[in-house]
Amino acid sequence: MRIGILGSGLMGGKLGTIFARAGHEVVFSYARTEQKLNRLAREANASARAGTPAEAAQSADAILLAVHWSRIDDVLNQAGDLSGKVIVSCSLPMNRDDTELIIGHTWSSSEELAKRLPTARIVSAFNTVPSEVLFEVYESRRRARRPSLVYCGVDRRSKKLAADLIRDVGFDPVDAGPLRIARYTEPFALLVARLAYEGKGGPELAYRFERIVRRR
Ligand SMILES: NC(=O)c1ccc[n+]([C@@H]2O[C@H](COP(=O)([O-])OP(=O)(O)OC[C@H]3O[C@@H](n4cnc5c(N)ncnc54)[C@H](OP(=O)(O)O)[C@@H]3O)[C@@H](O)[C@H]2O)c1
């Protein structure tokens, strides 16, 4: 296949290299310097080359979108018309310092992209998270004495109640944020990473509180 890489950083650089070495024709584009793109192409193999985002996109069978969320508009403007293209996106909708998701928890970055590119075919992939998101987890892990129990939701009062209940039954509550809608990937990517990094001893259980109603 001909694969256009939009964003040749950690993700685009590595994945483009893997694709090229697997025999695909790869065009690396969008880095701060042309030298970087040329180096990636040279090191990948003979079927890789450097180009502009428009060159990477126009002849591609598939496009890898691998820029920070804050660069999406810029790279898409440079890429030009993407009608009918398969776009595999690994861009998580994070804020500039990569500490929080900025897309609402009732829709995903793929849906946001699909709104901007209604005639393209968007696929969300490589849904892991930047390590900055986990700093808080490392911190709480250091203090953890008991197994933890993950909880999530948007209503502040309900969440306090949930955390108190969890403490009462002998677990450390871990607030997984406003996770509400199971079919969207990004909040889950964050939660799964949190669970993985909790490491030995926890978490033992993960519950999902849809709603807690206080009876009068
Ligand atoms: N890293 C991960 O483990 C990981 C995992 C999953 C998802 N993601 C997501 O994948 C996306 C890309 O992540 P990444 O780690 O590959 O990002 P990155 O290393 O920062 O790569 C982004 C690319 O954009 C280029 N760029 C930035 N500003 C630019 C500008 N003003 N003009 C031209 N090019 C510019 C960078 O150029 P330079 O190469 O010159 O810096 C780089 O090639 C992000 O949305 C991230 O959340 C990352």
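The values are calculated or read from the model by the stated rules, or taken from the named source; none is laboratory data. As the structure is a computational prediction, the values presented were derived from the model and not from experiment. Heads up, the Cβs are rebuilt from the backbone with ideal geometry, glycines too, and the neighbour counts pull from every protein chain shown. Surface accessibility is based on the protein's heavy atoms, side chains included, excluding ligands, DNA and RNA. Shrake-Rupley method; radii C 1.70, N 1.55, O 1.52, S 1.80 Å.
Structure summary
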{"read-out": "Subset of region 89-110 [over 23 Å from LEU15 (Cα atoms) and either in a helix (DSSP H, G or I) or of a type in the set (Phe, Trp, Tyr) (or both)]", "value": "TRP107"}
{"read-out": "In region 1-13, residue farthest from the ligand (Cβ to nearest atom) [restricted to those that are modelled with pLDDT of 95 or more and not in a loop (DSSP other than H, G, I, E, B)]", "value": "ARG2"}
{"read-out": "Qualifying residues in region 52-72 (those that are within 13 Å of ARG2 (Cα to Cα) and at pLDDT 95 or above) - the one farthest from the chain's Cα centre (by Cα)", "value": "GLU55"}
{"read-out": "Out of ARG21, ARG32, sole residue that is open to solvent by 70 Å² or more (accessible area, probe 1.4 Å) and away from the ligand (no atom under 15 Å from the Cβ)", "value": "ARG21"}
{"read-out": "Out of ARG42, ARG71, sole residue that is open to solvent by 10 Å² or more (accessible area, probe 1.4 Å) and within 8 Å of the ligand (Cβ to nearest atom)", "value": "ARG71"}
{"read-out": "Close pairs (7 angstrom Cβ cut-off, 6 or more residues apart or separate chains): over 18 Å from CYS90 (Cα atoms) and open to solvent by less than 60 Å² (accessible area, probe 1.4 Å) in region 129-140, modelled with pLDDT of 75 or more and more than 12 Å from the ligand (Cβ to nearest atom) anywhere", "value": "SER140/VAL174"}
{"read-out": "All positions within region 23-53 that are of a type in the set (D, E, K, R) and not in a loop (DSSP other than H, G, I, E, B)", "value": "GLU25, GLU34, LYS36, ARG39, ARG42, GLU43, ARG49"}
{"read-out": "Hey, ASP98 farther than 18 Å from LYS115 by Cα and near the ligand (Cβ under 9 Å from one of its atoms) or not", "value": "yes"}
{"read-out": "Given (1) at pLDDT below 70; (2) among the hydroxyl-bearing types (Ser, Thr, Tyr); (3) part of a loop (DSSP other than H, G, I, E, B), number of the condition THR119 does not satisfy", "value": "(1)"}
